[in-house]
Structures are given as C-alpha cells and as structure tokens.
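To start, the structure under review is shown below, and the notes come after it.
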Amino acid sequence: MDSSNKISRREAVKKMGAVAATAAISMSGVGALASCAETVAAGLDRPLKVLLLNGSPRRNGNTFTLLSEIASQLNKNKIESEIFQLGNRPIRGCVACGQCHAKGLDKCVFDDDVCNQIAEKLATCDALVVGSPVYYGMPAGQVLSVLQRLGYSAGKYMQGKPAAAVTVCRRGGATSAFMSLQMAFQMLNMPIVTSQYWNIGYGAAPGEVAKDEEGLQTMRTLADNLAYMLTQFATGTAQPPKREQWKMTNFIR
Ligand SMILES: Cc1cc2nc3c(=O)[nH]c(=O)nc-3n(C[C@H](O)[C@H](O)[C@H](O)COP(=O)(O)O)c2cc1C
C-alpha cells in the first residue's frame with residue numbers, strides 16, 4: 001500500500017464515516033470500538049487482508065469454488081485474501097475446560113489440530129469469511145468446532161472485524177446453515193457483511209456450483225461490499241460499488 005496514503009490514527013477514526021459508524025453502533029462496548037479503530041489504523045500500514053475459511057473436507061469442492069469467486073473479486077478491489085482449508089482430519093470440539101482463559105493463552109489449549117493455526121491468521125487479518133458445505137441443514141461439524149473454540153479462546157482477534165458466512169448445498173438447508181454461522185459473528189462484535197441475497201450456492205459434485213450463476217454473482221457482490229466496508233473503515237473515502245444487473249435463476253438454471 002502506498003505509504004503516502006497513511007494518515008494518523010486520530011484522522012482515520014474521524015474519517016470512518018457512515019458505514020463504520022453504523023457498524024460501531026451495532027457493536028456493544030468500548031472494547032469493540034477500540035478494536036474497530038485498531039483495524040482502521042492497521043489497514044493503513046499494510047494491504048488489507050481477508051481470511052477465507054474453507055470448512056469443507058473437499059479441498060477443491062463447491063465451498064472452494066465460491067470462496068475463490070470472492071477472492072478473485074477482492075483482488076479486483078485490491079484487497080488481499082487467503083483461502084485456508086480446514087482439511088479432512090478430525091477437529092475436536094470445545095470441551096469447556098476454560099484453560100484458554102485461565103492461562104491467558106489467546107488460543108486453544110489443545111494444539112493438535114488446525115485450530116491454533118487459524119488463531120494466528122485471525123490475528124493479522126482484517127476480515128473473515130467462513131464457508132461451509134451444508135450437512136443435514138447445518139454447517140459441517142468441523143467448522144462449528146473451530147468457530148466455537150476460537151470464539152472462546154481467540155475472540156479478541158475477531159472483535160470489530162467484518163465477517164460473512166457462505167454455505168453451499170445440493171438442494172436444501174443452506175439458509176439455516178448460513179444463519180447458524182452468523183450467530184457467532186453477532187456475539188463477537190463482528191459487523192456482518194451482506195450481499196444482494198443470502199450468501200449461498202447450489203451444487204453437489206465438486207465444482208458444480210460454478211453453474212449457479214446467481215450464486216456466483218452473490219459472491220462477487222459480497223466481495224464488493226466487503227471491500228467497500230473495509231476501505232471505508234480504513235480511509236473513509238470508499239465509493240459505493242457499482243451493481244451488476246441481477247441474474248435471477250431458479251436453483252442453477
Ligand atoms: C454428510 C452430508 C450431509 C449433507 N447434507 C445435505 C443437506 O442437508 N442438504 C443438501 O442440499 N445437501 C447436503 N449434502 C450435500 C453437500 O452439501 C453438497 O454436496 C455440497 O456441495 C458440498 O460442498 P463441498 O463440495 O464444498 O464439500 C450433504 C453432504 C454430506 C457429505
């Protein structure tokens with residue numbers, strides 16, 4: 001990022017503007033406002049970066065296709081991103097031991113899966129997108145395990161950062177899974193980024209969601225909105241995105 005664009009933290013906070021103000025209103029507590037301001041300051045010292053979590057055990061499946069569409073559109077908006085895949089190995093759930101708090105770890109006390117790798121990435125990203133396949137109308141279990149463990153142990157790295165959920169299914173249950181993922185963001189003071197529709201796609205076999213034109217467009221709009229929100233947070237100078245003409249399809253046709 002061009003260092004000539006750097007402004008002081010005080011100026012940045014002053015310039016946060018309407019979008020950030022709206023987000024700040026939805027956050028509870030001074031801590032949330034402080035971390036929002038930290039994001040503002042941090043965003044000016046380095047390229048803005050979004051962490052995209054692929055919660056599917058299928059590395060190149062439909063969740064990956066949707067997240068790739070978001071990454072590509074973020075790139076057009078000059079925002080960096082990284083897709084991190086949870087993998088197909090077991091991820092334990094939270095056992096409520098409280099050791100993360102007792103020891104002041106800012107990560108989970110159990111270090112035997114990808115959870116703490118994600119905690120480290122959360123510490124340096126500016127926004128989070130969580131993608132999951134739909135399993136029985138719910139997000140995949142490993143995504144929930146990671147969100148619950150990290151929300152509890154490393155929530156300080158999530159506070160104030162914009163977040164979005166993305167789900168993909170063969171036929172049904174995408175909206176309930178989508179809403180379920182958003183529940184965590186709402187408790188972690190994360191301003192939720194929206195799109196022209198719920199952030200869902202349809203497809204069964206790996207890559208099939210690429211036929212869902214409206215789903216892909218929803219991802220691009222989400223990325224534009226996220227870029228707008230992040231840039232507005234950072235500089236207060238963002239222009240609202242230009243909208244594509246809505247492609248309205250029934251399922252994928
Ligand atoms: C255990 C399991 C449960 C599933 N449950 C649903 C479901 O409730 N509704 C649905 O439409 N598709 C369901 N599916 C299909 C997947 O959501 C769909 O194939 C999705 O595209 C997978 O995403 P991925 O390629 O990123 O893994 C299920 C698949 C599995 C393996």
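Below is a table of values for the structure above.
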read-out: Cβ crowding within 10 Å averaged over residues, with 170-177, 80-87 ranked highest first; value: 80-87, 170-177
read-out: Order by protection proxy (mean Cβ within 10 Å, highest first), peptides 104-117, 223-236; value: 223-236, 104-117
read-out: Links that overshoot a 25 Å alpha carbon limit, given the list Lys49/Lys156; Lys161/Lys211; Lys211/Lys242; Lys121/Lys211; value: Lys161/Lys211; Lys121/Lys211
read-out: Global form of the range 103-250, assessed from the alpha-carbon gyration tensor, a/c cut-off 1.5; value: oblate
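Throughout, read-outs are computed from the coordinates displayed, never taken from laboratory work. Remember, it's a predicted structure, so these values are computed and weren't measured experimentally. All Cβ positions, even for glycine, are placed from backbone atoms using ideal geometry, and neighbour counts span all protein chains on display.
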